[in-house]
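What follows draws every value from the coordinates through simple rules; no lab data is involved. On a predicted model such as this, the values are computed, not experimentally measured, just so you know. As a convention, Cβ positions derive from the backbone with ideal geometry for all residues, glycine included, and neighbour counts pool all protein chains shown.
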Amino acid sequence: MADAPLAGIRVLDFTWVVAGPVATRVLADQGAEVIKVDRGGESAMSVLSPRRIGINGDLNRNKLSVAINMAVPAGVELARRLVKLSDIVIDNFSARVMRNWGMDYASLAAVKPEIICISMSGLGHSGPRANYVSYGPTLHALGGLTLMMAEEDGAPAGYGYSYADMAGGYTGALAALAALWHRRRTGRGQFVDLSQFEALCAVIGPALLDISVNRRAQQPPRYDSQEGPAAPHGVYRCRPRDGDDDRWLAISIRSQAQWERFVKALGSPPWAAAEKFRTLFLRMRNRSELDARINAWSREQSAEQAMALLQQAGVPSGVVANGADLCARDPHLAERGFWPRLPLGEGVTTQVTGIPLKLSRTPAAVRSAAPEVGEHDDYVLGQLLGLSSAERADLATAGVIWPYTGAKSGAAAA
Amino acid sequence: MENAGALTGLRVLDLTGHRAQLCGRLLADMGADVIKVEPPGGDPARRIGPFAGDLPHPDRSLFFWFYNLNKRSLTLELGHERGRELFLRLVSSADAVIESFAPGFLAKQGLGYEQLSRTNPGVIVTSLTPFGQSGPYRDFEADDTVLAALGGMLYVNGSPGRPPVRPFGLQAYHSAAYYGAIGTMCALMARERDGLGQWVDLSMQEATASAVEHVAPSFFGAGQVEPRRGTLHWSRFFRVGKCPDGYVLHCTLGDWTSLVEWVAGDGKAQDLHEAKWNDFVVRRQQAEHIFDVLDEWVKDYASNDLLERAQLLRLPYAAVRPPEALFEDAQLKARDFFVEVEHPELGRSFRYPGAPYLFHGTPWRVYRRPPLVGEHCRQVLCDELGVGADELAVLAGEKVI
């Protein structure tokens, strides 16, 4: 088996919250050595889960951690020594933070000319709002996503998750890979100024073109298909499961052939033969009546059985999976090994999100659980920087590093 | 070289249907030569609206425009012996092939990974399919809605007691497309060591599940099935409130003291000045109460005024804006986010959303407007592959191109 694609690439990772760690998770999964520069103490992330399980465990698996106090000059000096040993430096602070530390691209290129710096700030490094503070939900609101996902009365329905963090994170990972590729060709590093806001806006393209080309104000699409007309199209309520009445099946029907297979799968009920449902155009026009008919059918089915029945007939449909469906009951994801198990020590394990890519010759792997803060200071400070234990003890006393003192959470908490 | 993109010199053959076209575009935007190989008559994605001027036409689909900017177009009938042969000749000089056919389809055509790698051992084949190349759902049918459902994305959107709500934008497809581009680049990096390509199997369902940051972690980390919570974000740090002119996003991260002073100055702080709220852990635990108080407060504000003033105090507030507002956004303007793309045959240019990142060394840029159907047949086949003009006419006659 060949080495992982990014074996030998070292990433110095200053990211936090979600978008940045998503980017470095991609790189770590593909074999890069990602060294998280952590800090001690509580943060918005540390209250969301323990370090090695939950969201922090999911985002930071496969990474190493060293805890350096960037607020003091000696901490910055340590970080700059690590930059010399790294290929990529990545952060998702607003523009001023790295600059104030003297860790901006110009300063780091002076230390290491071929360094690649990826800065994933919320709104970019230039412009009147470069210093805005933002999180994923902030960007959804500014970008139109919050308003365009609405309840029937037009009120924002509420995203359960933060797509902005993913758009930003994946874009950041891709930027790192493209910059690495370019450096292989030319020997030159560079600075990438990534605005998470722009990464998000860049992928609502057809709607933005409809505005700029057709001057059309956008309406929340609700259950209108966003990839050409479809009817029926939406979620249909199913039979309760173990007392849980929040069960739904998604169905999307575009072609006439799909409709005919759908009707047959339902046992060719008389209502489905009505003229008003004969063509896609008519089904679109008589949608509420169509949806009522399908809901009356689906209400009597289990979501899983209805999906099996419809998929057997070649009709696009799927259970609206909740956490348990997704993680414990989806036979397909289980068979593909999408929820790998990681040891946390003392016989305790946890499961994390897998890697959606299978490379036939150099498969990626989830290798290690997320590190505790500073867990790899032996390796990073000792081996890489060659600091003796006495020197490290002095740095700890002076408040330059937070030394690792053993597991604080993880096994016990799991 | 000054204006070269980071991926200049790479050649990619893009066979994807409408689900996966963003993947090739991400590479084309950085300078890769991405040749869209369409069936004669054009990619069915060209029939997806909206259309420029609301006139349905294969060269006026805004859906197609967005996903195919910067690509070239070659029409080729892969089901025809001559078409296959020409495609294999293209493969011999390509770095990567991206495709989104149903699993097994290309192999049946004699164009599966095995066959392509015999032609060119260095080629990378990236397959983006709804459920991947293996497993019990392999042959299931899905669109973005079904993928959002089975990927755990749909269930958590909207309010408890109401049906789950479909996200805006094709977020399942896009998650997959990013990963497809990432996987292609990773395989290229691996090829650097030994010159060998490989097959990248991308499951859109898995990419979708990966893009929902909290559902699986809550299940595995705390045994919790994440519910729908309306606009209260799962972290409990954000909720939408209503101003007279629209909506605003509250946030209890940031400088709490400044926020409370501001609200108290308006006489609306109620109990928020109490010391216990200084701890953001407590604010998180009792988020509903805090947001209820703040909802009362914002009733007197215009949403944009609130946003500007909050951000001056470094509070991560936002106005809940319509997408139209992006075209007037001062920040996007200052960074030249929107770019003009000339469409000479329509006699005008249009504003497209632009770069998600500013590469200082190797700029993102517009190389060419989205291609017309088969626009680059002559260029690719005659100029680059050495097919004669007579032969081209024969191919067109036999409906190979």
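Multiply the residue separation of residue A:126 and residue A:245 by 0.36 nm, subtract the distance between their alpha-carbon atoms, and state the gained length in nm to one decimal. Working shown, then result.
Details: separation 119, 0.36 × 119 = 42.84 nm, distance 4.97 nm.
Once the chain is fully extended between residue A:126 and residue A:245, it gains 37.9 nm.
Per-residue extension of 0.36 nm, minus the Cα-Cα distance of residue B:339 and residue B:365, leaves a gain of 8.5 nm for this segment.
Given R₀ = 56 Å, FRET efficiency for residue A:219-residue B:222 by Cβ-Cβ distance, to 0.05?
On the way: r = 38 Å, r/R0 = 0.67.
The calculated FRET efficiency here is 0.90.
What are the aspartates and glutamates whose alpha-carbon lies under 16 Å from the alpha-carbon of residue A:112, with same-chain residues fewer than 8 places away excluded? The qualifying aspartates and glutamates are A:77, A:87, A:104.
For a paramagnetic label modelled on residue A:308 (point 7 Å from Cα along Cα→Cβ), amide N atoms under 14 Å away are absent within the range A:246-290.
If packing is taken as the average number of other Cβ atoms within 10 Å across a peptide's residues, how do A:236-246, B:160-170 rank, most packed first? Mind dumping the intermediate values first?
Details: A:236-246: 14.5, B:160-170: 21.0.
Final packing ranking: B:160-170, A:236-246.
The length gained on full extension between residue A:155 and residue A:390, counted as 0.36 nm times the residue separation minus their Cα-Cα distance, comes to 78.5 nm.
Descending by average beta-carbon neighbour count within 10 Å, the peptides B:106-114, B:17-25 line up as B:17-25, B:106-114, the highest first. Extending 7 Å from the Cα toward the beta-carbon at both residue B:379 and residue A:329 defines two label points whose distance is 5.2 nm.
The alpha carbon convex hull volume per residue for the range B:238-320 rounds to 74 Å³. Count Lys and Arg as plus one, Asp and Glu as minus one, and take only other residues whose Cβ is under 12 Å from that of residue A:343; the net charge is then +3.
Can you give the mean number of other chain Cβ atoms that lie within 10 Å of the Cβ atoms in peptide A:250-259?
Other-chain Cβ atoms within 10 Å of each residue's Cβ, averaged: 3.
With a 10 Å cut-off around each Cβ of A:123-132, the average count of Cβ atoms from other chains is 6. Over every Cα atom in chain B, the radius of gyration and the widest Cα-Cα span, Dmax, amount to 25.4, 85 Å. Exposure proxy ranking for A:302, A:86, B:117, A:162, based on other Cβ atoms within 10 angstrom of each Cβ and starting from the fewest, stands as A:302, B:117, A:86, A:162.
So for the protein assembly as shown: antiparallel DSSP bridges make up what percent, rounded to the nearest 5? Each step should come with its number before you reach the end.
Values: 37 of 78 bridges.
Roughly 45 percent of the DSSP beta bridges within the protein assembly as shown come out antiparallel.
Dividing the Cα radius of gyration of the protein assembly as shown by its Kirkwood radius returns 0.96 for Rg/Rh.
Sorting B:35, B:182 on the 10 Å Cβ count, fewest up front, what's the list?
Numbers: B:35 25, B:182 30.
So the residues, fewest neighbours to most, are B:35, B:182.
On a 18 Å Cα-Cα criterion, which of the cross-link pairs B:268/B:299; A:36/A:63; B:36/B:71; B:242/B:299; A:36/A:84; B:71/B:399 come out too long? Beyond 18 Å between Cα atoms: B:71/B:399. FRET efficiency for the pair residue B:119 and residue A:365, taken as 1/(1 + (r/R0)^6) with r the Cβ-Cβ distance and R0 = 35 Å, rounds to 0.70.
Only helical DSSP H runs with n ≥ 4 go in: add -39500 (n - 2.57) per run for chain B, normalise by residue count and round the 222 nm mean residue ellipticity to 500 deg cm²/dmol. Walk me through the numbers on the way to the answer.
On the way: 15 runs with 136 residues, N = 401.
Calculated at 222 nm, the ellipticity per residue is -9500 deg cm²/dmol.
A P(r) calculated from all alpha carbon pairs of the range B:1-129, with 5 Å bins opening at zero, reads 2, 11, 20, 23, 20, 13, 7, 3, 1, 0 percent. What ranking do B:131, A:281 get, fewest neighbouring Cβ atoms within 10 angstrom at the top? Ordered from fewest to most neighbouring Cβ atoms within 10 Å, B:131, A:281 come out as A:281, B:131. Take the Cα of residue B:281, step 7 Å toward its Cβ, do the same at residue B:299, and the gap between the two points is 3.5 nm.
Taken over the range A:233-329, the percentage of Cα pairs per 10 Å bin, counting from 0 up to the bin with the maximum distance, is 16, 51, 26, 7, 0. Around the amide H of residue B:198, modelled in the peptide plane, lie the amide H atoms of B:124, B:125, all under 5 Å away and 5 or more residues distant in sequence or on another chain.
Rounded if a/c is under 1.5, else prolate if a/b beats b/c, else oblate: with a ≥ b ≥ c from the C-alpha gyration tensor eigenvalues square-rooted, which is chain A? Each step should come with its number before you reach the end.
Working: a/c = 2.49, a/b = 1.85, b/c = 1.35.
Prolate, since a/c reaches 1.5 and a/b exceeds b/c.
A Förster distance of 22 Å, applied to the separation of the beta-carbon atoms of residue A:378 and residue A:348, puts the FRET efficiency at 0.45. Annotation: peptides A:57-68, A:255-266, A:324-335, ranked by per-residue average of other Cβ atoms within 10 Å with the highest first, follow the order A:57-68, A:324-335, A:255-266.
Placing dummy labels 7 Å off each Cα toward the beta-carbon, the span from residue B:260 to residue B:274 is 1.1 nm. Across peptide B:309-319, the average count of Cβ atoms from other chains found within 10 Å of a residue's Cβ is 4.
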